[in-house]
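> The structure under discussion is supplied below as structure tokens; questions concerning it will follow.
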Amino acid sequence: MKLVGWLVVLGTLTLPACTSEDSESRKLLVPQDYATIQSAIDDARSGDLILISPGTYRESVQVDQDELVIRGLDRNLVVIDGGDALTNGFEVSANSVAIENLTVKSFRQNGIIFSGALRGPPSNDGVYGADDNTLDGYRVSYVTSFNNGLYGIYAFASKNGLIEHSYASGHPDSGIYVGQCRPCNVVIRSTTVENNAIGYYGTNASSNVWVVESVFRGNRLGITPNSQKAEMLSPQRGATIAANLVEDNDNPNAPEIPQGFFGGGIVIGGGTANLVTRNVVRGHAWAGIVIMPLNDLIPMDNEIQGNVSQANGTDLLFIGRPEDSLKNCFSENVYATSTPADIEQKMSCVSDATLRDSTTYSQPVGPPGPSYRDVVPPSKQVSMPNAVTASLGLPIKEPLYPILENLVVPMGQSS
């Protein structure tokens with residue numbers, strides 16, 4: 001497996017260009033024209049912009065109208081608050097919906113959920129997340145999601161997404177989740193994810209999945225593309241994890257997930273054909289970058305290349321049998337420790353070296369964690385520029401993917 005020829009580069013990462021719907025869209029103002037966000041959505045039609053003024057909105061919002069942009073005027077002062085009683089902050093079943101520049105917190109399940117399963121039974125005896133049985137088009141920009149009871153930002157059976165300039169903390173599952181989609185066609189970039197059980201969780205999330213230029217810090221586990229039998233469309237395949245800062249994901253003060261791993265940076269669990277490159281991974285009690293089986297699903301064709309993985313319990317770790325090792329490889333990483341020893345000679349991406357012995361592990365057990373309700377709220381985050389005048393930019397197309405060579409590891413700033 002070689003890096004050259006592996007990537008399909010389609011463009012640079014920018015917001016979608018202003019489209020013709022801008023000239024026809026209406027601005028629905030909350031609370032000036034509509035007392036609640038839900039009442040504005042109920043009156044909206046395709047191409048409308050819902051603008052929300054500063055205030056606290058104690059409601060759970062269902063979005064079933066296609067092609068809407070829902071935008072706060074101040075990221076830190078427009079707060080959708082579940083009061084630890086309501087289920088989801090935004091529950092989106094519609095295509096081409098963007099949620100921007102606001103805070104969502106204290107819901108019993110999810111801050112924001114996009115789900116193709118909410119659109120009704122799959123067609124033609126299909127599977128949610130495959131073929132046309134998906135939600136198509138979503139964006140989350142300049143959103144803060146914290147202290148919700150499951151996930152911060154959740155995309156299930158959805159494709160053609162962009163999650164950017166957002167922050168997620170204090171979740172007993174994951175800050176950002178993408179699952180059961182093929183193709184997913186999603187870019188996650190310029191986000192900060194900390195103080196969760198898991199930073200990014202990508203279960204059976206396949207084809208054109210990009211997690212780039214983001215910070216995953218102080219979770220119990222950092223990033224994990226993985227295959228699981230509990231969801232459809234297994235195995236997971238084809239994620240690119242690149243130019244992220246992944247540090248100190250062994251935080252006992254983050255809420256815990258039952259039977260969850262602890263102390264790992266980037267862990268591929270039973271995933272296939274993933275590229276992990278140009279990340280900085282440091283400060284993990286268990287391991288920095290890991291390839292391992294999960295639920296009897298064997299990882300294959302994964303490439304770990306050009307990362308800096310240092311100051312971890314084990315910097316590079318492969319768990320499995322010799323017969324699996326040729327399907328996974330490590331090359332050109334900066335590291336001090338590995339299992340097996342001399343991992344880049346025994347599992348090289350540029351030669352036919354052979355692993356002679358199986359490697360095993362004992363699952364690290366993390367200490368008990370606090371309730372998600374008790375995680376310290378985040379500081380103020382950077383608001384979206386020009387929220388009143390910014391173009392609509394409906395997420396109606398496949399996102400533009402990164403140019404790998406242009407990506408830069410962030411220095412740890414908030415999003």
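The values are calculated or read from the model by the stated rules, or taken from the named source; none is laboratory data. Here the structure is a predicted model, which means the values were calculated and not measured. We place every Cβ from the backbone using ideal geometry, glycine too, and count neighbours over all the protein chains shown. For the accessible areas, the whole protein counts, side chains as well, though only heavy atoms, and no ligand, DNA or RNA atoms are used. Shrake-Rupley method; radii C 1.70, N 1.55, O 1.52, S 1.80 Å.
> Do we have ASN88 as open to solvent by less than 60 Å² (accessible area, probe 1.4 Å), within 22 Å of the chain's Cα centre (by Cα), at pLDDT 95 or above and closer than 18 Å to ALA157 by Cα here?
The answer is yes for ASN88.
> Do the conditions hold for LYS397, that is, is it among the charged types (D, E, K, R) and at pLDDT below 95?
So LYS397 fits the description; yes.
> Could I ask something else about it? Which of the following residues is in contact with an Asp or Glu (Cβ under 8 Å, 6 or more places away or on another chain), open to solvent by less than 10 Å² (accessible area, probe 1.4 Å) and of a type in the set (Val, Ile, Thr): ILE188, ILE153, ILE176?
Exactly one of ILE188, ILE153, ILE176 is in contact with an Asp or Glu (Cβ under 8 Å, 6 or more places away or on another chain), open to solvent by less than 10 Å² (accessible area, probe 1.4 Å) and of a type in the set (Val, Ile, Thr), namely ILE188.
> Are there any pairs, at least 6 apart or on different chains, whose C-beta atoms fall under 8 Å, with the first in segment 261-276 and farther than 17 Å from ILE198 by Cα and in contact (Cβ under 8 Å) with a residue 60 or more places away in the chain and the second in a loop (DSSP other than H, G, I, E, B) and acidic (Asp, Glu), and if so, which?
From residues that are farther than 17 Å from ILE198 by Cα and in contact (Cβ under 8 Å) with a residue 60 or more places away in the chain, there are no pairs.
> State whether one or more residues within segment 396-410 are over 21 Å from the mean Cα position of the chain (by Cα), open to solvent by less than 70 Å² (accessible area, probe 1.4 Å) and not hydroxyl-bearing (Ser, Thr, Tyr).
There is no residue in segment 396-410 that is over 21 Å from the mean Cα position of the chain (by Cα), open to solvent by less than 70 Å² (accessible area, probe 1.4 Å) and not hydroxyl-bearing (Ser, Thr, Tyr).
> If I ask for residues that are assigned to a loop (DSSP other than H, G, I, E, B) and open to solvent by 30 Å² or more (accessible area, probe 1.4 Å), which ones from segment 362-377 would you list?
Quick first cut of segment 362-377, residues assigned to a loop (DSSP other than H, G, I, E, B) only: 362-371, 375-377.
Once the filter is applied, which keeps residues that are assigned to a loop (DSSP other than H, G, I, E, B) and open to solvent by 30 Å² or more (accessible area, probe 1.4 Å), segment 362-377 yields SER362, GLN363, VAL365, PRO367, PRO368, PRO370, SER371, VAL376, PRO377.
> Please return the ranges of strands (runs of 3 or more DSSP E) entirely within segment 135-182 where 3 or more residues are over 12 Å from ASN195 (Cα atoms).
Fully inside segment 135-182 and qualifying: 135-146, 151-156, 158-164, 174-179.
> One residue is enough: does segment 114-126 have a residue meeting the conditions part of a strand (DSSP E or B) and out of contact with any Lys or Arg (no Cβ under 7 Å at 6 or more places or on another chain)?
Checked against the condition, which is being part of a strand (DSSP E or B) and out of contact with any Lys or Arg (no Cβ under 7 Å at 6 or more places or on another chain), segment 114-126 yields at least one hit.
> Next question. Anything in segment 258-292 that is in contact with a Pro (Cβ under 6 Å, 6 or more places away or on another chain) and either assigned to a strand (DSSP E or B) or open to solvent by 20 Å² or more (accessible area, probe 1.4 Å) (or both)? List them, or say none. Show your work before the answer.
Here is the first cut: in segment 258-292, the ones in contact with a Pro (Cβ under 6 Å, 6 or more places away or on another chain) are 262-263, 268, 270-272, 274, 286, 291.
Correct list: PHE262, ILE268, THR272, TRP286, ILE291.
> Restrict the check to segment 321-343 and report whether at least one residue is in contact (Cβ under 8 Å) with a residue 60 or more places away in the chain, closer than 30 Å to TYR138 by Cα and either open to solvent by less than 20 Å² (accessible area, probe 1.4 Å) or assigned to a loop (DSSP other than H, G, I, E, B) (or both).
There is no residue in segment 321-343 that is in contact (Cβ under 8 Å) with a residue 60 or more places away in the chain, closer than 30 Å to TYR138 by Cα and either open to solvent by less than 20 Å² (accessible area, probe 1.4 Å) or assigned to a loop (DSSP other than H, G, I, E, B) (or both).
> While we're looking at this one, here's another question. All but one of (1) more than 21 Å from GLU164 (Cβ to Cβ); (2) over 13 Å from the mean Cα position of the chain (by Cα) hold for SER207, so report the exception by its number.
Here SER207 meets the rest and fails (1).
> Quick check on this structure: which one of GLU67, GLU100 is charged (D, E, K, R) and open to solvent by 10 Å² or more (accessible area, probe 1.4 Å)?
Being charged (D, E, K, R) and open to solvent by 10 Å² or more (accessible area, probe 1.4 Å) holds for just one of GLU67, GLU100, which is GLU67.
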